[in-house]
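Worksheet: one structure, shown below.
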Amino acid sequence: MIRSVVRGMGAALPRRIMKNADFEGMVETSDEWIAQRTGIRQRHIAADDETTASLGEAAARAALDDAGLTPDDIDLIVLATSTPNNTFPATAVEIQNRLGMHHGFAFDLQAVCSGFVYAVTTADLYIRGGLAKRVLVIGSETFSRILDWSDRSTCVLFGDGAGAMVLEAGEGAGSIADRGVLAASLRSDGTHKDKLYVDGGPSTTGTVGHLRMEGREVFKHAVGMITDVIEATFSAAGITAEDLDWFVPHQANKRIIDASAKKLGIAEQKVVVTVDLHGNTSAASVPLALSAAVADGRIQKGDLVLLEAMGGGFTWGAVLLRW
Ligand code: UT7
């Protein structure tokens, strides 16, 4: 059977780093509060010349280099983002053009923080359905552009960045020993739409709007939703937490990551954490964390890796793959 196998990873971060202490003169907060409640110590913030498209392009080029491929080898680009350069055309098409790619097709996918998990699942279906052989899956965000910088309950949490993965069609035997995407589980539930949203949009206010979040409410739901969808993925694949080599969760809050891993029985040393360095980068957070763990040699060929995310909508999901 056809499997979607990871061939390369790449990342891109804005030049400017903003430390927790840099907020102290702007809103009533402290390095101590942010670090203790979230695990975040710094985040990258895009300059005027750095956009979702430029960061996405840089991450895509890094992933192509890692794969030893060029844009000519790619059939499809799926970009997960909630902060596109423009309402339309899709930023994926802009990235396609920036890469000098004038064949194939490209589109954006919007599932907020779960975007990358949704995008990997989507790319896997295009590959297994025979519509594409090699897909660039990108998560790129510039949440700094939609933050209310006077709201301490949200502005300290988010950062900008991009991560990219090259998925390629490969042969598998149909067993859990295969390399590639092995199982996935996706969920959404719009009854929670007012707990994490942007208060503007083309069809309502005609403005871009700002991010609004009832953090405590999101937190309350997060661990249960994350663990439910992971257990569904484990049972679809016939594995347990003990079989995993690496857990790469969405990086929103270290306390959510720790509580989820504990509830699932995933050992602490198997959990990849980058929230301290990047903050919450929404759809970019999982590929940024993956890129870090690949670059430093933790994730190796043949490792069993679990991706997970949860965010606005609510949307949530998990993907199990063998590297
Ligand atoms: O990526 C999508 C998913 N999003 C998430 O997973 C985010 C989920 N939520 C969270 O991570 C946490 O709820 C937060 C980090 C947002 C907040 O942590 P918390 O422990 O739930 O704090 P809280 O909202 O209950 O607020 C505690 C106190 C409040 O003061 P009072 O009412 O107790 O006097 C807040 O006003 O902390 C106050 N507070 C702050 N204090 C200093 C809120 N933000 C700040 C701040 N600095 N930046």
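For the chain, what is the percent of antiparallel DSSP beta bridges, rounded to the nearest 5?
70
Going by C-beta contacts inside 10 Å, put S175, S185 in order with the fewest on the left.
S175, S185
Taking the Cα centroid of the stretch 244-312 and of the stretch 1-69, what is the distance between the two, rounded to the nearest whole Å?
Their Cα centres are 14 Å away from one another.
Across the stretch 168-183, in residue order, what do the Karplus-derived ³J(HN,Hα) couplings come to in whole Hz, using 6.51 cos²θ - 1.76 cosθ + 1.60 with θ = phi - 60° and x for Gly and Pro?
After applying 6.51 cos²θ - 1.76 cosθ + 1.60, I find 9, 5, x, 8, x, 8, x, 10, 5, 7, 4, 7, x, 6, 10, 7 Hz.
What order do you get for H103, H192 when you list them from fewest to most C-beta neighbours inside 10 Å?
H103, H192
Just give me a number: lysine pairs in the chain, eight or more positions apart or cross-chain, with C-alpha atoms less than 23 Å apart.
Taking the chain as the scope, the lysine pair count is 13.
What Kirkwood radius, in Å to one decimal, follows from the Cα pairs of the stretch 2-171?
Mean inverse Cα-Cα distance, inverted, gives 16.6 Å.
List the DSSP H helices in the chain whose Cα atoms stretch 30 Å or more along the helix axis and whose mean Kyte-Doolittle hydropathy is at least 0.0.
Within the chain the helices that satisfy the rule are 215-237.
Listing E28, E217, E308, E50 from the residue with the fewest other Cβ atoms within 10 Å to the one with the most, what is the order?
E28, E217, E50, E308
For the chain, what class follows from the C-alpha gyration tensor (a ≥ b ≥ c being the square roots of its eigenvalues): rounded when a/c is under 1.5, otherwise prolate if a/b is larger than b/c, else oblate?
Oblate.
Compute the whole-percent fraction of alpha carbon pairs in the stretch 1-96 spaced more than 16 Å apart.
More than 16 Å apart: 67 percent of the Cα pairs in the stretch 1-96.
Quick note: the coordinates plus some simple rules give every number you see, no bench work behind them. Nothing here was measured: the structure is a model prediction, and the numbers come from that model. When we count neighbours, we look across all protein chains shown, and the Cβ atoms used for this are built from the backbone with ideal geometry, even at glycine.
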